[in-house]
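The block underneath contains the structure these notes are about, expressed in structure tokens.
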Amino acid sequence: MTAEFLSLLCLGLCLGYEDEKKNEKLPKPSLHAWPSSVVEAESNVTLKCQTHSQNVTFVLRKVNDSGYKQEQSSAENEAEFPFTDLKPKDAGRYFCAYKTTASHEWSESSEHLQLVVTDKHDELETPSMKTDTRTIFVAIFSCISILLLFLSVFIIYRCSQHGSSSEESTKRTSHSKLPEQEAAEADLSNMERVSLSTADPQGVTYAELSTSALSEAASDTTQEPPGSHEYAALKV
């Protein structure tokens with residue numbers, strides 16, 4: 001009785017452990033692309049799904065495409081999903097999951113992997129177009145810069161020439177007017193000297209003085225001769 005009870009107890013514990021193990025949530029795997037996630041059309045790429053468990057079944061799915069599904073069982077901890085002769089329609093986001101032999105549910109999904117398929121024709125043309133555009137832009141920018149530099153130098157030259165010509169004309173005008181002003185000032189000075197030399201401090205001119213002296217001399221001849229002292233004074 002006791003042995004049977006112990007056997008049932010062990011069986012129950014084992015079944016419970018198995019159920020718990022089955023219901024255990026599996027960690028999510030990782031998904032990688034080899035050799036790269038960006039590939040050319042008509043080339044090959046391999047998506048690798050990896051996990052820490054062994055003897056598992058892997059599944060590969062595509063986002064926004066419920067009909068896409070690839071399964072693969074592996075005794076290792078990884079599975080490879082090869083893509084050959086890629087087409088543009090193969091591009092998109094992929095993810096993978098797995099389940100063990102003891103589990104009935106799939107694990108968490110891996111992080112999404114973006115697979116990009118490029119066209120060879122576009123790949124070859126794009127760099128040349130970018131190079132041509134860059135060359136044209138550099139050429140136009142260089143021409144505009146040279147033109148602006150030329151205009152700046154021309155404007156500065158014209159301004160300097162205009163300033164120098166204005167200064168020269170001003171100097172010529174001042175030099176041409178200076179002799180005339182000096183001559184006019186000289187004539188004015190001579191006229192002032194003549195007027196000053198012909199004027200007496202008391203306002204009597206030499207002509208008036210001579211006429212007065214002659215009239216006095218004529219009147220003195222009708223009078224008696226002056227004395228010796230008067231004659232001497234008149235003679236001096």
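Among the residues of region 44-60, what is the count of those that are crowded, with 16+ Cβ neighbours inside 10 Å and under 20 Å from E108 (Cβ atoms)?
Residues that pass the stated criteria total 11.
Is there any pair with a first residue in region 45-56 that is more than 18 Å from P82 (Cα to Cα) and a second that is among the acidic types (D, E) and part of a loop (DSSP other than H, G, I, E, B) whose Cβ atoms are under 9 Å apart and which are 6 or more apart or on different chains, and what are they?
Q54/E76; N55/E76; V56/E76
Results for (1) farther than 21 Å from Y98 by Cβ; (2) open to solvent by 70 Å² or more (accessible area, probe 1.4 Å); (3) at pLDDT below 95, shown as yes or no for each residue.
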position	(1), (2), (3)
S7	yes, yes, yes
L13	yes, yes, yes
A33	no, no, no
K62	no, no, no
D65	no, no, yes
N77	no, no, yes
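The values are calculated or read from the model by the stated rules, or taken from the named source; none is laboratory data. The structure displayed is predicted, hence computed values, not measured ones. Ideal geometry is used to build each Cβ from the backbone, glycine not excepted, and the neighbour counts take in all protein chains shown. For accessibility, only protein heavy atoms count, side chains too; no ligands or nucleic acids. Shrake-Rupley method; radii C 1.70, N 1.55, O 1.52, S 1.80 Å.
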